[in-house]
1. Could you look through the stretch 376-425, keep only residues that are within 28 Å of the chain's Cα centre (by Cα), modelled with pLDDT under 95 and among the small types (Gly, Ala, Ser), and pick out the one that is farthest from residue 345 (Cα to Cα)?
2. I'd like to know if the stretch 339-358 contains one or more residues that are in contact with a Pro (Cβ under 9 Å, 6 or more places away or on another chain) and surrounded by 18 or more Cβ atoms within 10 Å (Cβ to Cβ).
3. Hey, could you check the stretch 224-239 for residues that are buried (at least 19 other Cβ atoms within 10 Å of the Cβ) and part of a helix (DSSP H, G or I) and say which is farthest from ligand 2 (Cβ to nearest atom)?
4. Using the structure shown, decide if residue 213 is in a helix (DSSP H, G or I), within 12 Å of ligand 2 (Cβ to nearest atom) and either at positive phi or not polar (S, T, N, Q) (or both).
5. So, residue 193, is that one under 23 Å from residue 223 (Cα atoms), within 13 Å of ligand 2 (Cβ to nearest atom), loosely packed, with under 15 Cβ neighbours inside 10 Å and acidic (Asp, Glu) or not?
6. Would you point out which residue out of 353, 360, 308 is under 29 Å from residue 162 (Cβ atoms) and out of contact with any helix residue (DSSP H, G or I) (no Cβ under 7 Å at 6 or more places or on another chain)?
7. Select from the stretch 322-348 the residues that are farther than 21 Å from residue 142 by Cβ, in a helix (DSSP H, G or I) and in contact with a strand residue (DSSP E or B) (Cβ under 9 Å, 6 or more places away or on another chain) and list them in ascending order.
8. Can you tell which of 113, 36 is at pLDDT 95 or above, surrounded by 14 or more Cβ atoms within 10 Å (Cβ to Cβ) and at positive phi?
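The values are calculated or read from the model by the stated rules, or taken from the named source; none is laboratory data. What you see is a predicted model; the values in this text were computed from it and never measured. Every residue, glycine as well, gets a Cβ built from its backbone with ideal geometry; the counts of neighbours run over all protein chains shown.
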Amino acid sequence: MAAIQVRIGVIGHGTVGAAFVRLVKQQASAIAARSGVQLVIARVAVRNIDAHKNSLAADVLTTDAEFVVNDPTVDLVVEVMGGIDQARGLILKALSNGKPVVTANKALIATHGAELFAAADNAGIDLLFEAAVCGGIPLIRPLRESLRGEPIRRVLGIVNGTTNYILTKMSEDGASYEDALASAQQLGYAESDPTADVEGLDAAAKISIIASIAFGCNVVAGDVYSEGITKITAADIAIAKRLGYAVKLLGVTEFDKASGAVSVRVHPAIVSMQHPLASVREAFNAVVVDGEASGSLMFYGRGAGGDPTASSILGDVIDASINLNKGAHATLGVLSAPKLQPMSDTSCEYLLPLEVADKPGVLHAVTGVFARHNVSIRAAEQDGIGHGARLVFLTHNAGEAAMQACISELKKLDVVTHVGGLLRVIAD
Ligand code: NAP
Ligand code: HSE
């Protein structure tokens, strides 16, 4: 049986787009033999043609992304240019022209997902985005298909490769934050504006997409409480390490069955060295899904970088091509409006480092603040003496609102010279 030819229009030929085009060229014959789909790179849109002339034929390259989504000879569109408004318009146009779309754009899906899914459903074609969450790790499809009937309680994980790489380099090699970030950018892990990585916004986009699928509701990036890693210092990491913990930037989403509320958050956290997430190093990602019947499932792999992300895109492209030929498409079904749990209603144990004056009465003044806010201290230690002395507190389980009120009051104490990065403890 002859393979069906599917002509792909690719928008973007950067880290991910170039890796995808390369993979298609390498794998096209094997894919045709195994799946009956002959993939052809028909068009590639970029901003600057000169920079891509060496790797792509002149008749494939264009600077006109609109032309790609309107081109009647293009069957399917891969969007890997990033950004929100222009990408949204291009994807809507491609879908309305009957072309399935595969995208790696989490910022877009986490903002306009519901509108785009509805447009794809109306057109009866695929909008697939496995690559948008955790690069090369298959996670969206397992959540959408394999775990469709599973009541999920919590999804927790390292969903940003850049920040995990930075924290690993700071923790293991004593690298500075700046050097580790520059290296992550050079390796193609970081977003074009790395603020999205280090401030937790990229992770927030991903965990909102995960929450939407896991709990069947429309959670958007703006619903996510997010803190990044910019306040975490080498000293915070060293203290956590000495106490037997690893510092990780985590995305967490939980469903409270009793209230029906969904909590969605991103923040630095500490996990015990025995926790499976503690050994996830460099740009690797890992996500733990806790289901009522399935128990804990862990998904692990390369969460960033051209080739792993391109691999996810390629899988989606083959599925969308087969579906196009059958007149079928994948759907997320109806996403309800979420009941969101405010961050202030969450609770956990906390690790809080403070830089203080080293003189009589300081401990009394500081612990008095914890007591006034009903935050119970599990352990405390002093690190260093004289100028630059640090007090480190590990609390029992406490409410977020109480902990934040405690921090605000600590900041006003004369004897506290600096309040360090707050680290939430993930116990299991
Ligand atoms: P990138 O290296 O900056 O590449 C972006 C590409 O898009 C470039 O080729 C650029 O053209 C092209 N482009 C930008 N605006 C365009 C426009 N208006 N018209 C035509 N072409 C345009 O970005 P990337 O790292 O590949 O990321 C692409 C997408 O994948 C983003 O949504 C990102 O969040 C997502 N993603 C990235 C990774 C990763 O590890 N990098 C992983 C998962 C998902 P020029 O080359 O001419 O400038
Ligand atoms: N900048 C992202 C990261 C790319 O570092 O995880 C993968 O989505």
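1. The qualifying residue farthest from residue 345 (Cα to Cα) is 420.
2. Looking through the stretch 339-358, none of the residues is in contact with a Pro (Cβ under 9 Å, 6 or more places away or on another chain) and surrounded by 18 or more Cβ atoms within 10 Å (Cβ to Cβ).
3. Going through the qualifying residues, I end up with 239.
4. no
5. In short, yes.
6. On the way: 353 fails: out of contact with any helix residue (DSSP H, G or I) (no Cβ under 7 Å at 6 or more places or on another chain); 360 fails: under 29 Å from residue 162 (Cβ atoms).
Going through 353, 360, 308 in turn, the sole match is 308.
7. Within the stretch 322-348, 324, 325, 343, 344, 345 qualify.
8. Details: 113 fails: at positive phi.
Just one listed residue meets the conditions, 36.
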